[in-house]
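Below is one structure, written out as structure tokens; comments come after it.
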Amino acid sequence: MATSALAQETVFALRRKIAKIEGTLPEFLAGTAPRECALPQAVLRRGGVMVRQAVADVLPTGAARFDGALGGGLPRAALTEIHGSVMHGAGAAAGFALAMAGLILKTHGAEGEDSRPPILWIGVRDAFSEAGFPYALGVADFCGLSPGELLLSQVPKLTDALWVAEEAARLKQLAAVFLEIHGNPDRLDLTATRRLHRRALEAGRPVFLLRQSAEPWPTAAPVRLVVSSAPAAPRSTLAGPLEDTLGHPAFAVTVSKSRTAVPSLQFILEWNPDDRAFQERQPENSRSVVPAPSLGPDLSPASGPILALEPAGGEPAAAHRQPQRGQFAAHRGAERTG
């Protein structure tokens, strides 16, 4: 018994150590939560196993169902991958990343405060040449970042970009680090992304890997979001939607990789630039599903009015369809007169 208990405790210790290194959600059997966890806990279940994650370790986006699928929000101290599949959708992926930057700075205080740390945005030259630089005035209106709170670093090669990202990720003076890369370079492998993830864990700050026009690629990021643009809904008033207007920017977000969410879970998220928060928009054709009655089949719908249409020849429909006297069945008699 003592040997079995010792082996079980060793397994739990190894799980906690691996989870701490990789930034995963540690899994515990019932009643085996670590005593040192003093932060509030969000309890989830995955595969029948209890999963606990500190509430203070996630960044909520404001969309309740999206945050719930991710265990409360995006990991605050980890590498998160934002994936744009096509180059003409680079603006949507970059806009979603900038919205995340606005959420991060929102947690550090109100806009205009001198105490808020800046955001570092690193980009390889070909990525900036294809997608362009973030526009200062637009960024200020979109996510509330002043020009001094967004630092840009353009480097010629991916090797330089990874080095700058690793060095910047360990700095606690930065609120977050964004690394924008184009395509699927061989240098961006599991080893490079593990180093970035490790730096984020050590500093307790998020690192975002923005991959533009890229194909699925194994990375060490615990969460991967595939982002594309979605049609903006018209503005609404108390009287209803206003035609020929554009509402808040919308993003189609698919959770491609997560330890808590169902694979390929899709959301339509709208970004509110005034509240600096996301909200989920339900599809237009969504409707509640009514269960079938348990006592029998569904009732047939009532038939509508029956109209007699005249045939093409102009002959009345009743006369055209009336059978001849010799065509009546033998059992039918003469018509009743009273």
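Quick notes on this one:
- A search for C-beta distances below 8 Å between a residue of region 186-201 that is more than 18 Å from K157 (Cα to Cα) and any residue that is of a type outside the set (F, W, Y) and open to solvent by 80 Å² or more (accessible area, probe 1.4 Å), counting only pairs 6+ apart in sequence or on different chains, returns L190/P218; H197/E22; R198/I21; R199/R170; L201/K20; L201/I21.
- Here is the figure for region 207-218: residues that are open to solvent by 10 Å² or more (accessible area, probe 1.4 Å) and either among the acidic types (D, E) or modelled with pLDDT of 90 or more (or both) total 1.
- Residue check, S129 under 23 Å from H248 (Cβ atoms) and polar (S, T, N, Q): no
- Looking across S236, S288, one residue alone is more than 23 Å from K106 (Cβ to Cβ), surrounded by 11 or more Cβ atoms within 10 Å (Cβ to Cβ) and at pLDDT below 90. It is S236.
For (1) out of contact with any Gly (no Cβ under 9 Å at 6 or more places or on another chain); (2) closer than 30 Å to T193 by Cβ; (3) in a loop (DSSP other than H, G, I, E, B); (4) without any contact (Cβ under 8 Å) to a residue 60 or more places away in the chain, each residue gets a yes or a no:
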position: L225; (1), (2), (3), (4): yes, yes, no, no
position: S229; (1), (2), (3), (4): no, yes, no, no
position: P234; (1), (2), (3), (4): no, no, yes, yes
position: T245; (1), (2), (3), (4): yes, no, yes, yes
position: Q266; (1), (2), (3), (4): yes, yes, no, yes
position: W271; (1), (2), (3), (4): no, yes, no, no
position: D275; (1), (2), (3), (4): no, no, yes, no
position: Q279; (1), (2), (3), (4): no, no, no, no
position: Q282; (1), (2), (3), (4): yes, no, yes, yes
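- Applying the criterion of at least 3 residues that are more than 29 Å from S258 (Cβ to Cβ) and modelled with pLDDT of 90 or more to the strands (runs of 3 or more DSSP E) found wholly in region 64-161 leaves 150-155.
The values are calculated or read from the model by the stated rules, or taken from the named source; none is laboratory data. All values derive from a computational prediction rather than experimental measurement. Positions of Cβ are backbone-derived with ideal geometry, glycine not excepted, and every protein chain shown enters the neighbour counts. Surface areas here come from the heavy atoms of the whole protein model, side chains and all, with no ligands, DNA or RNA. Shrake-Rupley method; radii C 1.70, N 1.55, O 1.52, S 1.80 Å.
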